[in-house]
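Participant: Got a structure here, written out as structure tokens. Questions coming.
The values are calculated or read from the model by the stated rules, or taken from the named source; none is laboratory data. For clarity, every value in this text was computed on a predicted model and none was experimentally measured. Cβ placement follows ideal geometry from the backbone for every residue including glycine, while neighbour counts extend to all protein chains displayed. Accessible surface areas use protein heavy atoms only, side chains included; no ligands, DNA or RNA. Shrake-Rupley method; radii C 1.70, N 1.55, O 1.52, S 1.80 Å.
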Amino acid sequence: MVVPSREAESPLVPAQRTASDALVEMLAQLGVKTAFGLVGGAVAPFCEALARSPIRVVHARHEGGAAFAAIEESLASGRPSVVFATTGPGIMNALTGMIAARWEGAKVILVSGTTSPAQRGRWAFQETSAYTMASCGLYSAGSIFHYAVSIEDAAELDEVASRLTSGVARASGFVAHVGIPIAMQTAHHQASRRTRVSSVPPASDPQTMDRCVEMLSRDPFVIWLGYGARGASAEVRALAEKTGARVMCSPRAKGIFPEDHPHFLGVTGLGGHAAVAEYMRTARPKRALVLGTRMGEFTSFWSPELVPSEGFIHVDVDPEVFGTSYPQAETFGVQAEIRGFVGALVEHWPADQPRAHTPQLRLARPSRPESPLAPTESVRPSALMHAIQRVVIDRHDALVMTEAGNSFLLGTHHLKFRSPGRYRVSSGFGSMGQAVAGVIGAALGSSRKAVAVVGDGAMLMQSEISTAVQYGIDATWIVLNDARYGMIENGMRAQGFRPVETEMPVADFVAIARGMGADGVRVTSEDELDAALETAMSALGPFVVDVQIDRSEAPPPMGRVQSLMDQGAVGFGGSR
């Protein structure tokens, strides 16, 4: 199979342009459509150049929110996004989002101001230099940035163009930081070269493909999907139907394989389904074909039940993931672009190979809520999830996100998707506020309504409602309002600890939204759910659905608790 190359090109910048103009033109040529951030004195010339460019500027209320929005815009669109920040606290506020971008596999470029050389070490306001941030890893490649530089001469922009061009052409994510002192932002620059990069994702050689077919065709196997396989939905379905293999997925991979397909087992990890472990114990497939997942804690909890007797065939573009989560398991690692690999596997599969025989099992499925509560009562979280399924997912095409916390658990466990690209959750860095702020980027990147299902704690931490109002962004927040940090409280109790300050004053999120120019509706009973959600879906612009949640309903099983206890977090009432 021939995989088409992907080409990116850095621009020829006309003479007499400033370095800021050159950098902005470079970003536009890389495919950037939106830049999120906050303007400050130390980055003002660059921001002024942005405003004169075709790139849309979204001025957020916090650099952390800007970074989360950039992540989701990149993932929803497949394009690189930009974050801009001023010196000192501006950069530091953005760092959590930059680390999250690295974990999520997004393509995000941070452009920041830096303190000019003549002012360094002299207590300049918001100084950003080796005197104040020497060990932060801001301007060197490492665990935060794939590429980072502080520009000291405008001529360096030619090399920066080459590095960024190569980075965004990668099959996986790319996170970069370009720091530019204010004197450099206004310096003249003339481009001196043109860079072309043709990035062909790695493909398996015929010998490797033959080996994979031989290992998988001997006995029944299971397919374990991760977010990295999101571009291979049709190929994975063809493989499953041709071979008879059952399919399970990570939380981030929901919808890559239709969740109503008879071959689908369920979700692994946090908020996952008991049917997966039940199948692995009962059917006992010999191998798992792992496609695009690191199998980290929230995807697997490193459960030995998920390891077949003959181990894994693990396919990923990043060879560093092989054998890391399950070092004791036999692993055959294949560095390859997943769509091409699975397509080739289907083509190589023997025509006369019988479909794998798998037992017909009665597997446990999430139960649906019984009859609605009385109109005066609060809303069970499970009832809310099934209303979201009926109204938001089944009747509309909105992108749905769930926030860190019980929203993650509930959405992953109860919601079902039949196509890729409709569900987003962060199972890696897991920052509170990523969905609350990221929903505006998701709406812009997908060019459709985006819905964030969030807890009240996250909503109070990192809301960008005002930003959505300013730019007329079609974002909806569904808030689980129970006046507490629910997952923290439930988790502490399960570990045997007494919850510490998990309660908070009740907030009226509709009043808050209206105070910022948005609209919303408050839901206090289950018979109001469908109408409220339909109102939200038909609304133009930002809208908040404030749902008063029944605290008494237990959340889905949370493997995270046992994982923490296995790591030593056991309180006075906990046990192993």
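Participant: Considering amide H positions built from the backbone, and no H for Pro or chain starts, which residues 5 or more places from L110, or on another chain, come under 5 Å of its amide H?
Facilitator: V83, A176, H177, V178
Participant: Carbon-plus-sulfur fraction of the accessible area of the range 403-492, 1.4 Å probe, in percent?
Facilitator: The value for the range 403-492 is 53 percent carbon and sulfur by accessible area.
Participant: Additional query: Among residues other than G173 whose Cβ falls under 10 Å from its Cβ, what is the net charge (Lys/Arg +1, Asp/Glu -1)? Working shown, then result.
Facilitator: Details: positive: R102, K107, R170; negative: E104, D318.
For residues surrounding G173, the net value is +1.
Participant: Which shape class applies to the range 409-457: rounded if a/c is under 1.5, otherwise prolate when a/b exceeds b/c and oblate if not, where a ≥ b ≥ c are the square roots of the Cα gyration tensor eigenvalues?
Facilitator: Oblate, since a/c reaches 1.5 and b/c is not below a/b.
Participant: Would you mind getting me the FRET efficiency between A155 and E330? Use the beta-carbon distance for r and R0 = 51 Å, nearest 0.05.
Facilitator: The pair A155/E330 has a calculated efficiency of 0.45.
Participant: Okay, moving on. Accessible area per residue for the range 408-481 in Å², computed with a 1.4 Å probe and the full protein assembly in place, what is it? Intermediate values should be presented prior to the final figure.
Facilitator: Numbers: 1700 Å² over 74 residues.
On a per-residue basis, 23 Å².
Participant: Could you give the length gained on full extension between D318 and A234, defined as 0.36 nm per residue of separation minus the Cα-Cα distance, in nm?
Facilitator: 28.0 nm
Participant: Summarise the accessible area of the range 198-337 (1.4 Å probe, protein heavy atoms) by the percent that is carbon and sulfur.
Facilitator: That share works out to 48 percent.
Participant: For the range 214-291, what is the accessible area per residue in Å² when the probe is 1.4 Å?
Facilitator: With the other protein chains kept in place, the range 214-291 gives 27 Å² per residue.
Participant: In nanometres, what is the gap between the two model label sites at A531 and A183, each 7 Å from Cα along Cα-to-Cβ?
Facilitator: Placing both labels 7 Å beyond Cα along the Cβ direction yields 6.7 nm.
Participant: At 7 Å along Cα-to-Cβ for each site, give me the label-to-label distance between E553 and V506 in nm.
Facilitator: Label at E553, label at V506, 1.9 nm between them.
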